[in-house]
1. List pairs: first in region 401-419 and of a type in the set (D, E, K, R), second surrounded by 13 or more Cβ atoms within 10 Å (Cβ to Cβ), Cβ under 7 Å, 6+ apart or cross-chain?
2. Can you go through Leu203, Leu234, Leu223 and tell me which one is touching a residue at least 12 places away in the same chain (Cβ under 8 Å) and in contact with a Lys or Arg (Cβ under 8 Å, 6 or more places away or on another chain)?
3. Taking into account only those residues within region 176-188 that are over 15 Å from the mean Cα position of the chain (by Cα) and in contact (Cβ under 8 Å) with a residue 60 or more places away in the chain, which is surrounded by the fewest Cβ atoms within 10 Å (Cβ to Cβ)?
4. Scan (1) open to solvent by less than 40 Å² (accessible area, probe 1.4 Å); (2) assigned to a helix (DSSP H, G or I); (3) touching a His at 6+ places or on another chain (Cβ under 9 Å) for the single condition Leu17 breaks and write down its number.
5. Any residue at all in region 51-60 that is of a type in the set (Gly, Ala, Ser), modelled with pLDDT of 95 or more and part of a strand (DSSP E or B)?
6. Is it the case that region 256-265 has a residue that's within 14 Å of the chain's Cα centre (by Cα), at pLDDT 95 or above and in a helix (DSSP H, G or I)?
7. Here is a list of conditions, (1) open to solvent by 30 Å² or more (accessible area, probe 1.4 Å); (2) within 26 Å of Gly265 (Cβ to Cβ); (3) outside any loop (DSSP other than H, G, I, E, B), and Asp156 meets all of them except one; can you say which number that is?
8. Output the strands (runs of 3 or more DSSP E) that fall wholly within region 62-145 and possess 1 or more residues being open to solvent by less than 50 Å² (accessible area, probe 1.4 Å), at pLDDT 95 or above and within 25 Å of Gly39 (Cα to Cα), or say none.
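The values are calculated or read from the model by the stated rules, or taken from the named source; none is laboratory data. This structure is a prediction, so every number in the text was calculated from the model and none was measured. With ideal geometry, Cβ positions are generated from the backbone for all residues, glycine too; neighbour counts draw on all protein chains shown. Areas reflect the complete protein model, heavy atoms only, side chains present, ligands, DNA and RNA absent. Shrake-Rupley method; radii C 1.70, N 1.55, O 1.52, S 1.80 Å.
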Amino acid sequence: MAQGQAGDYRILHEAALRAYLAGIPDLKALLGGEPAAWGITEVGDGNLNLVFIVKGARGGVAVKQALPYVRLVGESWPLPLSRAHYEYLALSKQAQLAPGLVPALLHHNETLALTVMELLEPHIIMRKGMVAATQYPGFVDDITTFMARTLFFTSDLALSAAEKKQGIAAFAGNHALCKITEDLIFTDPYRIAEQNRWTAPYLDGLAAELRDDMELHVAISRLKLKFMASPEALLHGDLHTGSIMVTESQTRVIDPEFAFYGPMGFDVGAVLANLLMAYFASAGHERAPGERQAFESWVLETVEQVWSWFAGKFLDLWRAGATGDAYPASLFAGEKGAARLEAERQTYMQRLFTDTVGFAAAKTLRRIFGLAHNIDFELIEDPKKRAISEARAVRLARAMMVETGAFGTIADVTGTARKLRDWMPEFANG
C-alpha cells in the first residue's frame, strides 16, 4: 500500500484526480490502459465527502476525498480534513480484526485527505436494496462477525490497560466528528435547531412533543453522557445500512470516519435502528397490500439474529481467551470462579443490550426529526404515508428510550414493532 504526502491540500476534480492516480505506478498498473481513457464518475451521495469510481482497461478503484466542510450543508460548516486520517486508521484496524469485511486499502495520502480503495462490484448500498425489498442471506453472519471481533478485540477484555489507552489516544483527535454526533443525535432533535426538519405538517405535533418531553430529555442526556464518557471499544461510529455494501453473499462495511473509542451499544444499536426503520418504512413502499410481507418478516428475523448472533460470538471470544486486564483470570480460578465469571458475562451482555436498545432509539429519532434523514422514509412519495411510517417508528423509539427496562430481550423489541406495523396516528384520519 502506497502512502504519500503531495504538497498542500487541494480538491481533486476529474482532471486533477486522473493526473494524480497516473503518477502512482501501482494504481496506474492496476487500472491499466492510457489514463486519458479512464472513466471517472463522482458518485458520492453521502453528507461529507467526494467519492469517485475510476475504471481503466484492466480494473477499477474507489477514491474518497474529504472536503474541508460538510458537503450536505456547504462551506458555512467547516470540518477538519483529519477525519480522513482517522477513517484510514479505522479501516486498517478493522481489516486486521475482521478480514474480508471491509474494502481493501490501496493508497492513502494524509495531506490530500484522500484514500484509494478496492472497488466493490456488484455490491450496492444496503439501504437501497432494502427500499427495493431485497433480502440478504449473508448479512447477519457477516455483520455480527464484524461487530463482535472489532468491539471485543479493542476492549479491556482483550487488551492490556496500556494498549487500550494507546488506542484511545490514537483516535482522541477525532472530536470534531464526535461533536457532530453529540449535537445531531443527542441534542438537536429535542430542541429548536435551525437544521432540524421533519415531514410537515403531519409530524409537527410529534416534533413539539419531543421538545417538551422531559422524561425523553433525561433519557437522551444519559445516553449522550455514556457516548462521551465510556470508551469501551473502537467504534465504527456510523454503522448504518448506508455504510454497508452488500450482495446476497457478501458484506463490506465502509465509511468509518466517525471512528472513536466509545460505548459498544452505539454501533450495535445503529445497525438495529436502521433495520427497524426499514421495517416501518416498508408499508409506505407497498404498491399492493401485503406484497412486502415476506421482506418484513425477514427484517424482523434479522433484527433478532443480529443481536443473538452478535452476543453469542462476543461471548465465545470472551470465553476462548480474554487476555485483557479486565476480569483477571487469577480472580476466577476453579469451578466456583468459572461459574461466577460466566454469570458475570451474562450480566455484562444484558447491560450491553440495554445500551443497545437506548442507542437504537436515539438513532431512529434523529433520522426523523434531525438534519440527515434515511431514504427508507424519504423515498416514500406520499408525505402522509411517509409520516405514518415515521410515526410508528417514533412510537417504538420513544418507548425503547424511556421504558428501556420493558425491553428485556430482542424479542420484546420485534414484538412491539410487529404490533405497531398497522397502528395509525391521529393525523392519519384527518
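1. Within 7 Å, the pairs are Arg418/Leu300.
2. Working: Leu203 fails: in contact with a Lys or Arg (Cβ under 8 Å, 6 or more places away or on another chain); Leu223 fails: in contact with a Lys or Arg (Cβ under 8 Å, 6 or more places away or on another chain).
Selected residue: Leu234, the only one of Leu203, Leu234, Leu223 that is touching a residue at least 12 places away in the same chain (Cβ under 8 Å) and in contact with a Lys or Arg (Cβ under 8 Å, 6 or more places away or on another chain).
3. Ala176
4. Unmet condition: (3).
5. First, the residues of region 51-60 that are of a type in the set (Gly, Ala, Ser): 56-57, 59-60.
Adding the requirement that they be modelled with pLDDT of 95 or more leaves 56-57, 59-60.
Filter once more, so that each one left must be part of a strand (DSSP E or B): 60.
Yes, region 51-60 contains a residue that is of a type in the set (Gly, Ala, Ser), modelled with pLDDT of 95 or more and part of a strand (DSSP E or B).
6. Yes: one or more hits.
7. All conditions pass for Asp156, except number (3).
8. On the way: elements: 74-78, 105-109, 114-118.
Qualifying strands (runs of 3 or more DSSP E): 105-109, 114-118.
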